[in-house]
Every structure is written in structure tokens, then in C-alpha cells.
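Read the structure below first, then the notes.
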Amino acid sequence: MNQYYNTTYRSSCPSKSSYFSSSNYVSTSVHIVTSISIPPSLYGSYCVIKVTPRQLKNAKWALLNVHLWTVVLDIVFNVLSLPFLFFPSVSGIMLGYGRYIGIPSWFLLYLIQALVSVFASAAIGLLENRQNALQTRWKINRRWVRVVINICNYMVACVTVIPPYLEKFDVQAMAVEILKPSLATMLMAIQCIILLPQPTFYVLHTWYHLVYAHSTRVSAETRKMQFRFFLGSLMQILIPSTVFMNPILYIWFSVNTGYYNQEINNHLIFIVSFHGLLGTTCMILVHKSYRNHL
């Protein structure tokens, strides 16, 4: 694909003179975002490890896990991969540093797909942690059961995106035909069926018991602190996730209508590159202890 882009694409395909349709715009803008995100990421790690209140020590490692996977996804997407995509054709090249150290493009693409699902699994783990902190009959008392559930979630995240990479494709045919997304759609459906019910239950159950079913086992102040931390964790997960919504909607529209606009394709990469910076900033600002430490 790199050879096709440097030869046939540049010489034969119509291109706009706009800077925003060029690969330079993608690489420059994403590198700027990455540079800005480094200090908040380091400070966020420090806050989780050193500033988390003692009353919430059981949530510290679940929160740190979400933050670390956010940073890892940021590094793989912004630094190693940096995709330059050609929607509606499901194709592109990697502009990141991974190509200079010999990491295959297909493996970088797999890492991006897997890490998005791993981030979702880490977020589910954080919500499960908050739900399990409540004294209810739905509390999972056996630690090994919680560990097994989390391991299964991570396995689903990493394994369900593998099958497309095991198929053999005609590279020349791929250059002129759009791949049918049937297999990818089926695998995404499997992930949703397994993963989505969990956060739905954790959020609704936690919300109900903190807002409506007041337990006499904990004080009003403790319940208030748990509710603030729960809302902060929810915002930390949901707000950064919104950066994926517009790209997903546009990709669906582009693939199904055949609409091509390289400027919009490049803007999508720029928007997604904010995921790590937005996630870390939200974590610092929505949790009172971290915000007061600034």
C-alpha cells in the first residue's frame, strides 16, 4: 500500500491543493497533540498513585488501569501508527514511527482495534469496582470470580479482532474493491453482546443503590463520596469516548454511499488523536482530589 500511495495514487488520482488533504497535515497536527498530552499523562499517573484518597484505595488500581490503557492507545495510534486513510475504500498507510522500526502495518492496525476494546474492558473493570464497593446482595465476594470475569473480557477484546487477519486477500483486488464488512460486523456484534450488558448493569445498579436504595451500612458522607467518585469515573469514560462517535458515523456514511473527501478523512484522524489528552484531562478535572491538587 505504501508503494501504491507513492506511485499510482500521487500520479493518477485527483488531489486537492488544500493542506488539510495532505499527509503533512495529519502527521504535524497529531504530533502536536501528542506533545501537548505528555505532561497531563504523567501528572495523571502521579495523581492516581499518590493523590487518590485513602477511602478510595480499592479503586486506585482500577482507575490507574484505565489511565494506562488510555496512554498506551494514545502511543500506538498517535506515535507508532498515525494512519492516513482513504475512506470509502477500507485502505490506508501508516505514517508513524512504527514503519521505521519494522512493525508491519497489519499488526499496527490490529493493535489499534484490540486496544480500543481493551480500553473498553478496563472501563468495565472500573465500573465493576464501583459496583462491587456497595454492600448489596449482588456484590461478588470471591476475588477469583472477579479476576476470571476481567480476564475473559480482555480475552474477548484481543481475540475477536484476530480472524480477519488470518484470511488471505488478493492485494490487487483490494486496491480496486471495497472489502465487504460482513466478518468485521459479525465480530463487532459478538463483542457488543458479551461486553455491553456488563457496564449497563454496573451503571444502573450502582446508580440505583447510591441514589434511591440508601443502605444503613454506610454513612451519608461515605455514600456522597462514593456517588461523586462514581459520576467522575463515568464522565472519565464517556467524555473521551465521544471522540469516536463522529468518526464512526462518517465512516459508516462514507463506506455505504461511496463518498470520498480526503480532508474529512484527515480531520477524523486529528479528532481521534485527542482521545488520550481528553481522557487524562477529564480524569484530573472531574475527580475533586486531583483537581484540588493542581
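Only the coordinates and a few stated rules stand behind these numbers; no lab work does. What you see is a predicted model; the values in this text were computed from it and never measured. Positions of Cβ are generated from backbone atoms using ideal geometry, with glycine treated the same way; all protein chains shown enter the neighbour counts.
Worth a mention:
- Helix content alone sets the calculated 222 nm mean residue ellipticity of the chain: runs of n ≥ 4 DSSP H residues at -39500 (n - 2.57) each, divided across all residues, give -21000 deg cm²/dmol.
- Against the chain, whose longest principal axis is taken from its Cα atoms, helix 143-159 shows a tilt of about 10°.
- Protection proxy ranking of 73-84, 154-165, 251-262 - average other beta-carbon atoms within 10 Å, highest first: 73-84, 154-165, 251-262
- Cα-based helix-to-principal-axis angle, 105-132 vs the chain, degrees rounded to 10: 10 degrees
- Simple rule: put +1 on each Lys or Arg Cβ and -1 on each Asp or Glu Cβ in the chain, find the dipole, and look at Met94, Ile36, Asn24; the Cα lying farthest toward the positive end is Ile36.
- Sorted by Cβ density within 10 Å, fewest first, the residues Tyr110, Tyr46: Tyr46, Tyr110
- Per the Debye formula on identical point scatterers at the alpha carbon atoms of the chain, with no solvent, log10 I(q)/I(0) at q = 0.14 Å⁻¹ is -1.09.
- Of the peptides 58-65, 199-206, 116-123, the ranking by mean beta-carbon count within 10 Å, highest at the top, reads 116-123, 58-65, 199-206.
- Seen against the Cα atoms of the chain and their longest principal axis, helix 245-257 is set at about 40 degrees.
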